[in-house]
1. Counting only other residues whose beta carbon sits under 12 Å from that of Tyr47, what net charge do I get with K and R as +1, D and E as -1?
2. When only Cα pairs under 8 Å and 6 or more residues apart are kept, what is the percent relative contact order across the stretch 23-90?
3. For Leu104, enumerate residues with amide H under 5 Å from its amide H, sequence gap 5+ or separate chain, H modeled in the peptide plane.
4. In whole Å, what are the Cα extents of the stretch 95-170 along the three principal axes, biggest one first?
5. How big is the accessible area of Thr61 in square angstrom, nearest 10, if you roll a 1.4 angstrom probe over the protein chains?
6. What is the gain in length, in nm to one decimal, between Ala214 and Ser181 on full extension, counting 0.36 nm per residue of separation less the C-alpha to C-alpha distance?
7. Once label points are set 7 Å from the Cα along Cα→Cβ at both His228 and Ala279, what is their separation, rounded to one decimal in nm?
8. In percent, what relative contact order does the stretch 16-152 have, based on Cα pairs under 8 Å that are 6 or more apart in sequence?
Amino acid sequence: MSETFTQTSFPAARRDSRPGTAPRFRDRIGADLGGGYYPAAHRYHLYLSLGCPRSLRVSITLGLLGLEDSVSTTVLPSPADACDPPAALRTAYETTRHHYDGPLTVPALCDLWSGRVVSNHTPDILDDLALHFTDQDNAALPRLRPAALAADIDAVRQLLGENLAQAQAPALDLLERQLASRPYVLGDTLTAADVDLWVALVHLDADALRRVAAGERLWSYVQRLGAHPAFHEIPRAETPRTEGQREHIGEDPCSSERDCVGDGGRVTVPAGQECQRQALAC
C-alpha cells in the first residue's frame, strides 16, 4: 500500500538562518487585471544560473508548460564563476529596493513593465508558473499543481528540504517505496513534486547517488524522466547565434583564469580574484 504524504510526517524543512542571508522578494502573480502582477505573455523575464538546482527546477517547469516563448530567460554563469552580474538584474533589484546592495539572487522573476523583481523565492515562482501562466484548457499540458495534490506537493518539497541540497537516507527509502506501485511520486500523473524530486536526485552527493543507483525504482525513475526533453535540457549560457543555430559556451574548470564581462567589455582575471561588484547567489 502506498504511503500518504503529509506535511506533519516529515522533519521540518531546512531553513537558512545564517546572518546575512539574502533578502527574499515575495510578490505573487495573480489574476487581477485591475492592478498588481497579473499574467501576461512577454511581460516577465527570468534570470537563471548554471549549476543552480533552483534554476533547473524553473527551467524544467517552463519546458513542461510550454512557456519558453512567453516568459523570456537569461542564463548566467554559475554563482561560483559569475563575475559582474548583468546590469539589468542589478537594476531590477535596486528598483525594487532603494539602495539595495545585497546579493543578486537567482532564480529571479522580473516584471519588464515596472523593472522590478517580483520574486526570488523559487517555490512561489514555480507555483505561479503552474497556476497562472499555463493554458488550463490545453489537455496536452501537465497540471503541475492540481488543487487536490497541493498539500502533498508541499509535503514532498518539505521532505526534500528547502534548498534540495541532500536527500537523506530515510527520505530516499520512503521515495523508493512510494514508486513501487506508481509511475510518479504522487500517482499516475507528473506533478511539481516530480520536478523537485528529479532535480534533488541528480544533485545528490556521490554517496547518496550510489544509494539511489542501488535501488531499482528510484534509478529507473531518474532515467525515465531524464529522457523527457524538458528534463534533459539543462540550462546553458548561450552565445549569439544565427537563425536555426544554437551554440553553448562552457568553461574549463581546471583553468587558472576566468573570463568576466563587465561594463567595459570582456576581461580575463586570475582565478580567485574578486571581479564582481555584487555577488550572484543561488
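The values are calculated or read from the model by the stated rules, or taken from the named source; none is laboratory data. Because the structure is a prediction, the values reported are computed rather than measured. Using ideal geometry, Cβ is built from the backbone for each residue, glycine included, and neighbour counts are taken over all protein chains shown. Heads up: the accessible areas ignore ligands, DNA and RNA and are worked out on the full protein's heavy atoms, side chains in. Shrake-Rupley method; radii C 1.70, N 1.55, O 1.52, S 1.80 Å.
1. Working: positive: Arg54, Arg90; negative: none.
Surrounding charge for Tyr47 is +2.
2. 31 percent
3. Residues meeting the amide H criterion: Ala279, Leu280, Ala281.
4. Result for the stretch 95-170: principal-axis Cα extents of 42, 39, 17 Å.
5. About 10 Å², rounded to the nearest 10.
6. Working: separation 33, 0.36 × 33 = 11.88 nm, distance 1.83 nm.
Here the answer is 10.1 nm.
7. Rounded to a tenth, the inter-label distance reads 3.4 nm.
8. Values: 189 pairs, mean separation 43.0, N = 137.
Averaging sequence separation for qualifying contacts and normalising by length gives 31 percent for the stretch 16-152.
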